[in-house]
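The values are calculated or read from the model by the stated rules, or taken from the named source; none is laboratory data. What you are looking at is a predicted structure, and each value in this text was computed from that prediction instead of being measured. Neighbour counts run over all protein chains shown; Cβ positions are idealised from the backbone, glycine included. Only protein heavy atoms, including side chains, enter the accessible area calculation; ligands, DNA and RNA are left aside. Shrake-Rupley method; radii C 1.70, N 1.55, O 1.52, S 1.80 Å.
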Amino acid sequence: MTTRTAPYLDAIEHLPEGGTLVLQNVPWDDYESLLEDLAERPRFRVTFARGKLEIMSPLSEHDSMARMLDRLVHIYAEQRNLELENYGSTTWKRRSLARGLEADSCYYVANARRMIGRSREASLEVDPPPDICVEVDITNESLSKFSIYAALGVPELWRFESKAAHFYELAGDSYREVMESSFLLGLSPQMLVDALEKSVRDGQTAALRAFRDRVR
């Protein structure tokens with residue numbers, strides 16, 4: 001912790017689970033220093049857009065859904081013989097754009113082979129953005145982050161609510177909704193929603209087994 005980040009960290013310590021802290025006019029260097037200080041506290045999600053700093057403390061339900069989605073995506077890639085690299089909630093940022101954020105999950109598919117082994121060194125200064133980024137909207141909505149994702153060049157976004165999901169693809173400088181993934185061909189939002197609902201109703205093991213059978 002530095003004198004630069006001490007006020008932010010004091011406020012973060014009092015942030016309840018599910019809470020969000022928003023600060024204005026934050027310098028880029030403060031944002032980067034805060035990321036270093038929070039590196040050992042990965043439960044926080046930090047978003048930066050031209051001086052606006054947002055720190056969110058997800059609910060446990062939020063992370064549970066994100067991890068279940070990871071398992072479903074891996075099953076789909078395995079069954080369809082697709083290479084996939086999961087980069088979790090890696091921070092993606094560009095100083096020249098004054099923007100940065102952390103998705104709930106992100107995946108490389110088209111660029112999977114290029115990104116093997118680069119998880120610790122990955123940077124948008126030299127690497128392509130993830131092919132797919134995932135936002136789980138249980139604590140708060142992520143639509144306000146779409147312009148950041150677009151600026152960073154993320155080609156596909158998935159947004160999950162409690163009982164619904166939406167896929168979007170980058171078209172110019174904004175996103176349009178699509179009915180299936182461009183990278184995991186044949187995968188629709190409803191397929192994932194069905195599996196998530198089954199995991200709540202019948203348990204995760206049953207849901208994963210049923211999803212594997214569905215995409216076999």
### Task
Could you name the lysines whose alpha carbon sits less than 20 Å from that of K93, not counting residues in the same chain fewer than 8 places away?
K52, K145
### Query
Which whole-number percent gives the relative contact order of the stretch 28-139, counting Cα pairs below 8 Å spaced six or more residues apart?
26
### Cut-off 11 Å, label 7 Å out along Cα→Cβ of A98, residues of the stretch 18-61 by amide N
25-28, 49-52
### Query
Just in the stretch 45-98: which trypsin sites (Lys or Arg not before Pro) are loop by DSSP and have at most 15 other Cβ atoms within 10 Å?
R50, R80
### Message
Projecting each Cα onto the charge dipole of the chain (Lys/Arg +1, Asp/Glu -1 at the beta carbon, about the Cα centre), which of Y175, L72, C106 comes out farthest on the positive side?
### Response
L72
### Query
Where is the GNM fluctuation largest for the chain (alpha-carbon springs, 10 angstrom cutoff): V26, V193, V73?
V26
### Query
Considering the chain as a Gaussian network with a 10 Å cut-off on Cα pairs, which listed residue, D131, D70, D202, attains the greatest mean-square fluctuation?
D202
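Percent antiparallel among DSSP beta bridges with both residues in the chain, to the nearest 5? Provide the component values of the computation, followed by the final result.
Details: 30 of 35 bridges.
Percentage antiparallel, nearest 5: 85.
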### Query
Using a basic spin-label model with each label point 7 Å from the Cα along Cα→Cβ, how many nm lie between E141 and R212?
3.8
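For the chain, what is the relative contact order in percent, using Cα pairs closer than 8 Å and at least 6 residues apart in sequence?
On the way: 351 pairs, mean separation 32.9, N = 216.
Contact order relative to length: 15 percent.
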#### Entry: Separation of alpha-carbon centers, the stretch 153-199 and the stretch 1-64, rounded to whole Å
27
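Contour minus end-to-end for A6 and D63, with contour as 0.36 nm per residue of separation and end-to-end as the Cα-Cα distance? List each step's numbers first, then the result.
On the way: separation 57, 0.36 × 57 = 20.52 nm, distance 2.69 nm.
The A6-D63 span can extend by a further 17.8 nm.
Give the longest segment of the chain that steers clear of GluC sites (Glu not before Pro) in DSSP loops with at most 15 neighbouring Cβ atoms within 10 Å, not counting the sites themselves. Numbers along the way, then the final one.
Working: sites that count: E17, E40, E83, E121, E125, E141, E161, E180.
No qualifying site falls inside 41-82, the longest such stretch.
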### Query
For the chain, modelled as a Gaussian network with Cα springs under 10 Å, which listed residue fluctuates most, V109, V178, V200?
V200
### Message
Can you show me the helix-derived [θ] at 222 nm for the chain, built from DSSP H runs with n ≥ 4 at -39,500 (n - 2.57) apiece and divided by the number of residues, rounded to the nearest 500.
### Response
-10500 deg cm²/dmol
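For the stretch 146-193, state which trypsin sites (Lys or Arg not before Pro) are in a DSSP loop and have at most 15 other beta carbons lying within 10 Å of their beta carbon. Display every interim value, and only then the final one.
On the way: sites: R159, K163, R176; in loops: K163.
When the trypsin sites (Lys or Arg not before Pro) of the stretch 146-193 are filtered for loop state and at most 15 Cβ neighbours within 10 Å, K163 remain.
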### Message
Please compute the modelled spin-label separation between T90 and A151, points set 7 Å along Cα→Cβ, answer in nm with one decimal.
### Response
2.1
### Summary
FRET efficiency for R80 and A39 from the Cβ-Cβ distance with R0 = 41 Å, rounded to 0.05, comes out at 0.75
### Query
Using the heavy atoms of the protein chains alone and a 1.4 angstrom probe, what is the accessible area of the chain per residue in square angstrom?
49
### Summary
Magnitude of the Cβ-charge dipole (Lys and Arg +1, Asp and Glu -1) of the stretch 1-97 about the Cα centre, nearest 20 debye, reported as 360
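Counting only protein heavy atoms and using a 1.4 Å probe, what share of the accessible area of the stretch 13-143 belongs to carbon plus sulfur, as a whole percent? Please report the intermediate quantities before stating the final value.
Working: 2780 of 6230 Å².
Ligands and nucleic acids excluded, carbon and sulfur reach 45 percent.
Given the Cα-Cα distance of Q190 and A164 and 0.36 nm per residue of separation, how much length would full extension add, in nm? Could you put the intermediate results ahead of the total?
On the way: separation 26, 0.36 × 26 = 9.36 nm, distance 0.76 nm.
Stretched out fully, the Q190 to A164 stretch lengthens by 8.6 nm.
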## Note on the structure
Reduced to Cα centres, the span from the stretch 111-141 to the stretch 66-80 in Å works out to 16
### Query
Taking 0.36 nm per residue of separation and subtracting the Cα-Cα distance, what length does fully extending D202 through S123 add?
24.5 nm
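Given a cut-off of under 8 Å on Cα pairs at least six residues apart, what relative contact order in percent is computed for the stretch 85-177? List each step's numbers first, then the result.
Values: 158 pairs, mean separation 21.1, N = 93.
That works out to 23 percent.
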